[in-house]
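K.L.:
Right, I'll just put the structure down here and ask away after.
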Amino acid sequence: MSTVTVQFRRGTGTQNDAFTGSIGELSVNTTNNSIRVHDGSTQGGHEVMKADATNIDGNIASSRITGTITASSLTDGSSIDGGTY
């Protein structure tokens, strides 16, 4: 039985930052072991969040939160302290 290996482009974070891949192309950042998805025009592509989120700045996730949180909506005893959720 033959074995087929699929291998993506790969390089350091610096190399990935300078690379503009084709639409739908994937590249591997060997500095932090993340994957980048390319759109054919964005240099560096778009980094995909790792399962442990270690490659994502915490401020990015909170900037995606929309709506209003009120004290009455916190039913599990959670609290908001100066915007930290």
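K.L.:
I'd like the residue in segment 39-65 that is touching a Phe, Trp or Tyr at 6+ places or on another chain (Cβ under 8 Å) and modelled with pLDDT of 80 or more and, out of all such residues, is most open to solvent (accessible area, probe 1.4 Å). Let's see the steps before the verdict.
P.N.:
Just the residues of segment 39-65 that are touching a Phe, Trp or Tyr at 6+ places or on another chain (Cβ under 8 Å), to begin with: 43-45, 62, 65.
Add one more test, that the residue is modelled with pLDDT of 80 or more, and what stays is 43-45.
Values: 43: 119, 44: 4, 45: 16 Å².
For segment 39-65, the residue satisfying everything is 43.
K.L.:
Here's a follow-up. Select from segment 1-25 the residues that are among the aliphatic types (A, V, I, L, M) and modelled with pLDDT of 95 or more and write down the one among them that is least open to solvent (accessible area, probe 1.4 Å). Lay out the reasoning, then the answer.
P.N.:
At the first step, the residues of segment 1-25 found to be among the aliphatic types (A, V, I, L, M) are 1, 4, 6, 18, 23.
When the remaining residues are screened for being modelled with pLDDT of 95 or more, the result is 18, 23.
Working: 18: 69, 23: 144 Å².
In this case the residue turns out to be 18.
K.L.:
What pairs come up if the first residue lies in segment 23-39 and is among the charged types (D, E, K, R), the second is open to solvent by less than 50 Å² (accessible area, probe 1.4 Å) and assigned to a strand (DSSP E or B), and their beta carbons are under 7 Å apart, counting only those six or more places apart or on different chains?
P.N.:
That search, which allows pairs on different chains as well, returns 36/27; 36/29.
K.L.:
Determine the pairs where a residue that is in contact (Cβ under 8 Å) with a residue 24 or more places away in the chain and assigned to a helix (DSSP H, G or I), located within segment 1-18, has a partner that is among the β-branched types (Val, Ile, Thr) and surrounded by 11 or more Cβ atoms within 10 Å (Cβ to Cβ) with Cβ atoms under 9 Å apart, the partner being 6 or more residues away or on another chain.
P.N.:
16/28; 16/30; 16/31
K.L.:
Is there a residue in segment 68-85 that is open to solvent by 50 Å² or more (accessible area, probe 1.4 Å), under 18 Å from the mean Cα position of the chain (by Cα) and either hydrophobic (A, V, I, L, M, F, W, C) or at pLDDT below 90 (or both)? Explain how you work it out, then say what you get.
P.N.:
Applying the first criterion (open to solvent by 50 Å² or more (accessible area, probe 1.4 Å)) to segment 68-85 yields 68-82, 84-85.
Imposing the further condition that a residue be under 18 Å from the mean Cα position of the chain (by Cα) reduces the set to none.
No, because not a single residue in segment 68-85 is open to solvent by 50 Å² or more (accessible area, probe 1.4 Å), under 18 Å from the mean Cα position of the chain (by Cα) and either hydrophobic (A, V, I, L, M, F, W, C) or at pLDDT below 90 (or both).
The values are calculated or read from the model by the stated rules, or taken from the named source; none is laboratory data. Given the structure is predicted, the values throughout are model-derived calculations rather than measurements. Glycine gets a Cβ as well: all are built from the backbone with ideal geometry, and neighbour counts include every protein chain shown. These area figures cover heavy atoms from the full protein model, side chains too; ligands, DNA and RNA do not enter into them. Shrake-Rupley method; radii C 1.70, N 1.55, O 1.52, S 1.80 Å.
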